[in-house]
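This report concerns only the one structure given below.
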Amino acid sequence: MKKLTLLTILTLSLGLAITGCGDSRDDTTGENGTAQTGTDAGATDTAAAGTSLAGEDDAAPDEGGEPAAACELMEADHSLTLGAECDAEGCPCGEVISTVSGVIQDASGAPVVGAKAQICTRSARDGSSVCLTPVDANDDGSFTVTVPSDNNCLYEGVLRALAPGLSYSTAYCTYAIADLTVNGGVIDLSPTPAVLHATTAATDLPNECFGQACMESVDEFVTVNFEDGLALDVNPSWLFNGAVGLKDLSATYIDGTSHLCNGEQIEGAPGVWAFSPEGDGFEIRFPARIPDKLGLADGTAVNVYIQGGIGHTIQVGDEKTECEEGAWTHFACATVQDGVITLDETNGVPAIGWLTYAPAE
Amino acid sequence: MARIQHALFILALALCVAACGDDTSDPGDSLDTTGSAECSPGCEGIGEGAGSYPGGPYASDENALGKVLPDLTFTTPEGEPRSFSDLRNAGDRTLLLISTTAGWCTACIEEQPKLEGFYQKYGCDGLEVLVAIFEDLNFNPALPANAKEWQTQYGLSFPVVADTDNALGEFYDTGAAPLNMLVDLCTMEVLYSGVGFDESAVTAIIESNLNL
């Protein structure tokens, strides 16, 4: 396997003033995350990010009266710049890939009828991205994606596995090509299947709120309750999810880390909530009441995270930045009170996809 | 408050573009532009009442480079048909940058701010930008609502249309997206076509063809 020793990686300052979205790897552990991007982004304190991120207002002081250290948020930086030597014959900074195969299954290991695999890749020549045409999974859950020859010198990629229109979570699996075994241009991801978790319809979805009509007509927060006590206040007019609306909004709580197809997990998190379908809050945050699964004492400071999905963004003041797919983003600091973590309009959930929290240090 | 801020942002963009003579106060309908002396006057043979669309033979497959694009018709966010002829009849642009997109295409999302940057930088020199969305987030054929959401979500002041039948898919390898294509609006000849976004190549062709 080639080592990417010739890479010149420059992390640019796209998010200098926009903290809280993007890379939060200092808070996470991973097997093969795409550490090529944004790894040298420095920590920025919450005050610099603005109180709209709720750091000062919501974080519980530690015993010394200082704000919780975990309320420092990382700078966003997803850029990748490769040196001119990478744009040469033979794909010197990556691998030439012809096909990618893998497996999509549900939590029991069974195939999911109607599942699709969609892969976006980053070029090892110039760092640019393309997304490959999605393919249907076979009856046994397997899939094979052909990589076009014009865009086959690859550096990294993200597999998005989903069951469109069905109540399953979407899985994002991130890969650095250098960490994978490549045999004759073929990558086989099947040893680590992408898992789609069945989601359950909201127990309390306002009747007047259906689909696109709701998106057009309801410009206020409506409370959506889920079976385990999680509650979101969603403004349908500001939920961007492919014009699908709210009618099929569903979620599930997944204990532990079985949701992971690879890569990062949040240290200390009890599990995660997964939603279907995904959606971005555009320029607003959705207030939330998150049930504490860890039995934390009142006043315990926690960090709250989302995993980046397609088109997911975080608005901080007047600035908006995109979240990296498959990477956990620390977006809020809050405290536990009476077994609930409460987020409001200033530090609420910026995008609906994957959600979790962990106690602050 | 956020909505007001967004509206002000759109208004500011519209005013900026209008200052260049381009009436884009309604981003979704900006193909209805009529041009202005402050902008590039366009080339001979295009503009309102300019006459017929360039004749063939037209491009008919992936090998579109150097060939003439047929007069394709798309759908605006408001559900109105918009064709390349409509674009040419606007008369104040000479070069067209077409970019395909889909709701599932992260690479396309990454590209949108760059396209907006091109539009702001080169619009008054004659560049028009057109994003054509062909599928939604769930891989269904795109509808006008998807074009509207895309334009709003990414704050685009140039036209976004739904290419419900994926008509542009005939002219590139649809194994990957996005397509980026530069077209001479006078002749409708394809000057550049590539999957992915080669910013330096696109910039060079834009500046060369706009004599910058």
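Any residue in segment A:305-318 that is out of contact with any Phe, Trp or Tyr (no Cβ under 7 Å at 6 or more places or on another chain), under 22 Å from A:W238 (Cβ atoms), at pLDDT 90 or above and more than 14 Å from chain B (Cβ to nearest Cβ)? Looking for residues that are out of contact with any Phe, Trp or Tyr (no Cβ under 7 Å at 6 or more places or on another chain), under 22 Å from A:W238 (Cβ atoms), at pLDDT 90 or above and more than 14 Å from chain B (Cβ to nearest Cβ), one finds none in segment A:305-318, hence no.
Tell me which residues, restricted to segment B:151-193, are outside any loop (DSSP other than H, G, I, E, B), out of contact with any Pro (no Cβ under 8 Å at 6 or more places or on another chain) and facing chain A (nearest Cβ under 9 Å). Scanning segment B:151-193 gives B:T152, B:Q153, B:A177.
Rundown of residues vs (1) basic (K, R); (2) buried (at least 23 other Cβ atoms within 10 Å of the Cβ); (3) out of contact with any Asp or Glu (no Cβ under 8 Å at 6 or more places or on another chain), yes/no style:
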| residue | (1), (2), (3) |
| --- | --- |
| A:E319 | no, no, yes |
| A:E322 | no, yes, no |
| A:D338 | no, no, no |
| A:D344 | no, no, yes |
| A:A351 | no, yes, no |
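Can you tell me how many residues within segment B:138-149 are of a type in the set (A, V, I, L, M, F, W, C), outside any loop (DSSP other than H, G, I, E, B) and at the interface with chain A (Cβ under 9 Å from one of its Cβ atoms)? Here the count works out to 1. Remark: pairs (first residue in segment A:140-169, at the interface with chain B (Cβ under 9 Å from one of its Cβ atoms) and more than 24 Å from A:W273 (Cβ to Cβ); second residue outside any strand (DSSP E or B) and among the acidic types (D, E); Cβ separation under 6 Å; 6+ apart in sequence or on different chains) = A:P148/B:D173. Considered as a group, the residues in segment A:122-139 that are in a strand (DSSP E or B) and within 8 Å of chain B (Cβ to nearest Cβ) include one that is surrounded by the fewest Cβ atoms within 10 Å (Cβ to Cβ), and that residue is A:L132. Assessment of segment B:118-137 against the conditions (assigned to a helix (DSSP H, G or I), under 22 Å from A:I310 (Cβ atoms), touching a residue at least 24 places away in the same chain (Cβ under 8 Å) and within 10 Å of chain A (Cβ to nearest Cβ)) yields no matching residue.
The listed residues are B:T94, B:T73, B:T106, and the only one of them that is modelled with pLDDT under 95 and under 19 Å from B:Y53 (Cβ atoms) turns out to be B:T94.
Residues considered: B:L168, B:L179. Of these, the only one that is surrounded by fewer than 22 Cβ atoms within 10 Å (Cβ to Cβ), under 12 Å from B:T100 (Cα atoms) and in contact with a strand residue (DSSP E or B) (Cβ under 9 Å, 6 or more places away or on another chain) is B:L168.
If only residues of segment A:327-336 that are buried (at least 24 other Cβ atoms within 10 Å of the Cβ) and touching a Gly at 6+ places or on another chain (Cβ under 7 Å) are counted, the one that is nearest to A:A171 (Cα to Cα) is A:A327.
The values are calculated or read from the model by the stated rules, or taken from the named source; none is laboratory data. It should be emphasised that the depicted structure is a prediction, and the values quoted were computed from it without experimental measurement. Note that each Cβ is placed from the backbone with ideal geometry, even for glycine, and that neighbours are counted across all protein chains shown.
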